[in-house]
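Before any comments, here is the structure.
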Amino acid sequence: MTPFTTLSSRAVPLPEANIDTDIILPARFLLHTEKHGLGRFAFFERRQGGGFILDDPRLTGAQILVAGENFGCGSSREQAPWALADLGIRCIVAPSFGEIFRANCIRNAMLPVTLGRADWLRVLEAAQRFEVMAVYLATGRLDLANTSIGFSLPPREREALLDGRDEIDLILAHHAAAIAAFETRQRHDQPWLWETHHG
Amino acid sequence: MPVTLYDRLWDAHVVAAEADSGALLYIDRMLLHEVSSPQAFAGLRERGLRPRRAAAHLAVADHAVPTRARHPIADPQARAQVALLEANCAAAGIEYLALDDARQGIVHVIGPELGFTLPGITLVCGDSHTATHGAFGALAFGIGTSEIESVLATQVLRQQRARTLRVRIDGVLGQGVSAKDVILTLIGRIGAGGAAGFAIEYAGSTVSGMSMEARMTLCNMTIEAGARIGLIAPDDTTFAYLKGRPRAPVDAVWEAAVAYWRTLASDPVAVFDREIALDAAAIAPQVSWGTSPDQVVAVDGVVPAGAGKGALAYMGLSAGAPLAGLAIDRVFIGSCTNGRIEDLRAAAAVAQGRRVADGVTAIVVPGSGLVKRTAEAEGLRDIFIAAGFEWREPGCSLCVAMNDDRLDPGQRCASTSNRNFEGRQGIGARTHLMSPAMAAAAAVTGVITDVRAL
Ligand code: SF4
């Protein structure tokens, strides 16, 4: 995973509440079995007819998305963050996130920043003014032109993003013995989870 | 210290505790389907790894499969996706239920049916409605594809402990009112993100009195309230449902398992972070009017004032409009929310002796092969066909519109599924969520109808 350090860019303002992952990546495009190249399907319906904020030429290359409440709710499809990543989005700022979507972001080196209403509004307004803003994960700051806003992340998520470390490698390196010990114990205590009774 | 059911299940699966109430949790079971798994298998291959515990997983194709003419699947992309699942499972040694297997069906319907889902386990699936299995007192939650890869490789997941929310539902549901109406009422009350960060436990006399099918409907839509986990403590109803299922333990091991399962409840004095109470007797049949599942009212209600303009424009409705009497084009009875045998019985009871209204297309898609065969044996298929419904093969179908079942732009559908999102049933499709009995009532009248008055 690419380590997340800092980024500086304009931000796409999309304050609508309850944007679900079906809107972000409509289900019919889930027939693709690849991870990459999904950006062309992102917000597909919303982009029909032109004028969708994501296509505003002033936002070309924007790496930040300022989204509304409960962003990414609904389906667990990881294709949603993959599609956003494919468009170059590295950080999403919202009052709240769909939980599975949020976990999927972390697994894809994408930073979800949760802010209280007042701070979120300031960031949104800056995005709507096409201001360049900067995100510093190490210090937990989001800098606007004339103010700096603090944010926090559970330490292990922060470290995972900063290190760009691979979750599976890490578990296999540090926890293999604990997993094996758990299995031995469970096999003894709950044999029905280990024996096969079916044909 | 008294603990909740959620904490009890969590504690029983901690492989390594971490700071800030995080932990590595052992995962006992995983269900796999064609849509969320290909990139996980590819990732595993790139690492040169094989599944740590192939026997802990079960795979089936459900999302992209046609509900008629499915041998072979006409759509080349869907055909390739299903073939890829089969090939991935064969290479990994994971059991795969093929399309022509009598047990094929929606992941969340077949897991319980086969006794793959058991009380006290952790169960995951790359699908947000995995909460369904919480009806058995299993710690079950939806995950993304990267997490599927983690489970395949390590059998554990790093998770953050949730806060606990108990929803107590007491009293007797009125005639024509079902578990679907209960969960829609809850979502309408607390909002689509209302339970985010919580694990819900459903309790109270209404829940204890529910069948497993009804409990699954209740837990299924927990995600529509923003929570990943919905739990019900297992009881005699749970054990009676599981006994004799193909993968359930037998004989002395069954007895030992039941003895353990009986310990899976919240302590009477356990403190939840939040409590909500619902009065079952006060719940009316619900109908969603908007594009988020919390945009819902009783069938005799109206589209609320102050409803979002975007949702109203999409749905072709205006504030103050009554829901009852609204003409519909399509009816969908099925999905992991309401595609089980009791759901089909409830719909058939309404359809019996009536005819699908002119101009309405109504389809019944059983949740699994077992549901389908049971319904056929009980004569439900004949009732539906006589009434003018189409009778299909099992799958997700019009719940997600990834196969050839989809609505045309602007069409309005009475649907027993779980999501009324924009485009969910096709581009520009308008979905009204409701119970199976209500959907059948809409089918035979051609308009949204209070089933209690039929
Ligand atoms: S029936 Fe619908 S909600 Fe359930 S698993 Fe299939 S697509 Fe998902």
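Summary of values
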{"quantity": "Estimated dipole of chain B in Debye, rounded to 20 [Cβ of Lys and Arg +1, of Asp and Glu -1, Cα centre]", "calculated": "300"}
{"quantity": "Max mean-square fluctuation residue, GNM over chain A, Cα-Cα springs under 10 Å, options A:Thr21, A:Thr139, A:Thr147", "calculated": "A:Thr147"}
{"quantity": "Accessible surface, per residue, of the stretch B:284-453 when the full set of protein chains is kept, probe 1.4 Å, Å²", "calculated": "31"}
{"quantity": "Chains B and A together, accessible area buried on both sides, 1.4 angstrom probe, square angstrom", "calculated": "5200"}
{"quantity": "Solvent exposure ordering (accessible area, 1.4 Å, most first) of B:Val447, A:Val93", "calculated": "B:Val447, A:Val93"}
{"quantity": "1.4 Å probe accessible area per residue over the stretch A:47-99, in Å²", "calculated": "32"}
{"quantity": "Solvent accessible area, Å² - B:Lys243, 1.4 Å probe, full protein context", "calculated": "120"}
{"quantity": "Summed residue charge, Cβ within 9 Å of B:Arg424's Cβ, Lys/Arg positive, Asp/Glu negative", "calculated": "-2"}
{"quantity": "Sulfur and carbon atoms: percent of accessible area, chain B [1.4 Å]", "calculated": "53"}
{"quantity": "Packing rank of B:47-54, B:322-329, where each peptide gets the mean count of other beta carbons within 10 Å, highest leading", "calculated": "B:322-329, B:47-54"}
{"quantity": "Number of partner chain Cβ atoms within 10 Å, mean per residue of A:188-194", "calculated": "6"}
{"quantity": "Sequence ranges B:205-214, A:180-189, ranked by mean other-Cβ count within 10 angstrom, highest first", "calculated": "B:205-214, A:180-189"}
{"quantity": "Whole-Hz ³J(HN,Hα) from phi, Karplus 6.51 cos²θ - 1.76 cosθ + 1.60, for the stretch B:41-54, glycine and proline x", "calculated": "5, 4, x, 4, 4, 4, 7, x, 9, 10, x, 5, 8, 4"}
{"quantity": "Surface accessible to a 1.4 Å probe, B:Arg373 within the full protein complex, Å²", "calculated": "110"}
{"quantity": "Residue-level accessible surface for B:Asp408, protein heavy atoms, 1.4 Å, Å²", "calculated": "90"}
{"quantity": "Rounded, prolate or oblate (a/c below 1.5 giving rounded, otherwise prolate when a/b exceeds b/c) for the protein assembly as shown by Cα gyration tensor", "calculated": "rounded"}
{"quantity": "Heavy-atom accessible area per residue - the stretch B:15-161, 1.4 Å, Å²", "calculated": "25"}
{"quantity": "Dipole axis of the stretch B:341-449 (+1 Lys, Arg; -1 Asp, Glu on Cβ), positive-most option in B:Gln411, B:Ala401, B:Val371", "calculated": "B:Gln411"}
{"quantity": "Selection from B:Ala162, B:Ile73, B:Thr449, by position along the positive dipole direction of the protein assembly as shown (Cβ)", "calculated": "B:Ile73"}
{"quantity": "Peptide B:112-119 - average C-beta neighbours from other chains (10 Å radius)", "calculated": "1"}
{"quantity": "List of the stretch B:125-140 residues, accessible area with partners at least 30 Å² below that of the chain alone (1.4 Å probe)", "calculated": "B:Ser128"}
{"quantity": "For the stretch B:370-384, Karplus couplings with θ = phi - 60° (6.51, -1.76, 1.60), whole Hz, Gly/Pro x", "calculated": "5, 4, 4, 5, 5, 4, 5, 5, 7, x, 5, 4, 4, 5, 5"}
{"quantity": "Among beta bridges that DSSP assigns inside the stretch A:6-152, antiparallel share in %, nearest 5", "calculated": "45"}
{"quantity": "Peptide B:29-39, shielding by other chains (average Cβ, 10 Å cutoff)", "calculated": "3"}
{"quantity": "Max mean-square fluctuation residue, GNM over chain A, Cα-Cα springs under 10 Å, options A:Pro13, A:Pro154, A:Pro81", "calculated": "A:Pro154"}
{"quantity": "For the protein assembly as shown, size of Cβ-based charge dipole, Lys and Arg +1, Asp and Glu -1, in debye", "calculated": "500"}
{"quantity": "Dipole magnitude of the stretch B:15-161 about its Cα centre (Cβ charges: Lys, Arg +1; Asp, Glu -1), debye to nearest 20", "calculated": "200"}
{"quantity": "Fraction of accessible area attributable to carbon and sulfur, the stretch A:6-152 (%, probe 1.4 Å)", "calculated": "50"}
{"quantity": "Fraction of beta bridges assigned by DSSP in the protein assembly as shown that are antiparallel (%, nearest 5)", "calculated": "30"}
{"quantity": "Value at 222 nm in deg cm²/dmol, rounded to 500, when DSSP H runs of n ≥ 4 in chain A each add -39,500 (n - 2.57)", "calculated": "-10000 deg cm²/dmol"}
{"quantity": "Given charges at Cβ of Lys, Arg, Asp, Glu: the protein assembly as shown dipole, positive-most of B:Pro249, B:Leu84, B:Gly428", "calculated": "B:Gly428"}
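The values are calculated or read from the model by the stated rules, or taken from the named source; none is laboratory data. Please read all numbers here as calculations on a predicted model, not as lab measurements. So basically every Cβ, Gly included, is an ideal-geometry build from the backbone, and we count neighbours across all protein chains shown. With ligands, DNA and RNA removed, areas are computed over all heavy atoms of the protein, side chains included. Shrake-Rupley method; radii C 1.70, N 1.55, O 1.52, S 1.80 Å.
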